[in-house]
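First up is the structure itself, then whatever we jot down about it.
The values are calculated or read from the model by the stated rules, or taken from the named source; none is laboratory data. The structure displayed is predicted, hence computed values, not measured ones. A quick note on method: Cβ atoms are made from the backbone with ideal geometry, for glycine too, and the neighbour counts reach across all protein chains shown.
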Amino acid sequence: MPKYLISFERGAMDHIPEEDFPEVGKAAHAVIQEAKDSGVFVFSGGLKYDDGDAEPAVVTVDGVVTDVPSPESKELIGGFAIVDVPSREAALAWAAKIAVACRCAQDVRKFMHDPADD
């Protein structure tokens, strides 16, 4: 089955009041548990940006480590889930559940097929 990346941009949840985060976290964990129980879950996580060892970096093709866009950039991923589902429609359905739980829009992208995985 194809795998899909469901993700949201860093800052996409900034509109949520701090006191609502426990409820949002509980809802997000419930959706992920549902994905696990359904057998479509591959991996998920939120990305950390607020300490020294979590600073994002880009390593160029010649091995040089460079800075990424500023932390305020919308180009950085805030969180993601990977699901293994039979169709785009199924991926969109999971993205809708995650969007409701996380209270932010989700980007859905299909991974390319790798024949080595067959």
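Residues in the range 9-35 that are closer than 21 Å to Lys110 by Cβ, in a helix (DSSP H, G or I) and either among the basic types (Lys, Arg) or in contact with a strand residue (DSSP E or B) (Cβ under 8 Å, 6 or more places away or on another chain) (or both): Ile32, Ala35. Scanning the range 70-93 for residues that are over 22 Å from Asp20 (Cα atoms), at pLDDT 95 or above and surrounded by 11 or more Cβ atoms within 10 Å (Cβ to Cβ) gives Ile82, Val83, Asp84, Val85, Ser87, Arg88, Ala90, Ala91, Leu92, Ala93.
When you scan the range 9-18, do you find a residue that is buried (at least 19 other Cβ atoms within 10 Å of the Cβ) and within 17 Å of Ala90 (Cα to Cα), even just one? No, the range 9-18 contains no residue that is buried (at least 19 other Cβ atoms within 10 Å of the Cβ) and within 17 Å of Ala90 (Cα to Cα). Scanning the range 39-49 for any residue that is more than 12 Å from Gly78 (Cβ to Cβ), among the aromatic types (Phe, Trp, Tyr) and assigned to a helix (DSSP H, G or I) turns up nothing.
Tell me, yes or no, whether the range 62-69 has at least one residue that is surrounded by 10 or more Cβ atoms within 10 Å (Cβ to Cβ) and modelled with pLDDT of 85 or more. Checking the range 62-69: not a single residue is surrounded by 10 or more Cβ atoms within 10 Å (Cβ to Cβ) and modelled with pLDDT of 85 or more. Would you check if there is a residue in the range 41-51 being modelled with pLDDT under 80, surrounded by fewer than 12 Cβ atoms within 10 Å (Cβ to Cβ) and closer than 20 Å to Leu5 by Cβ? No: zero hits.
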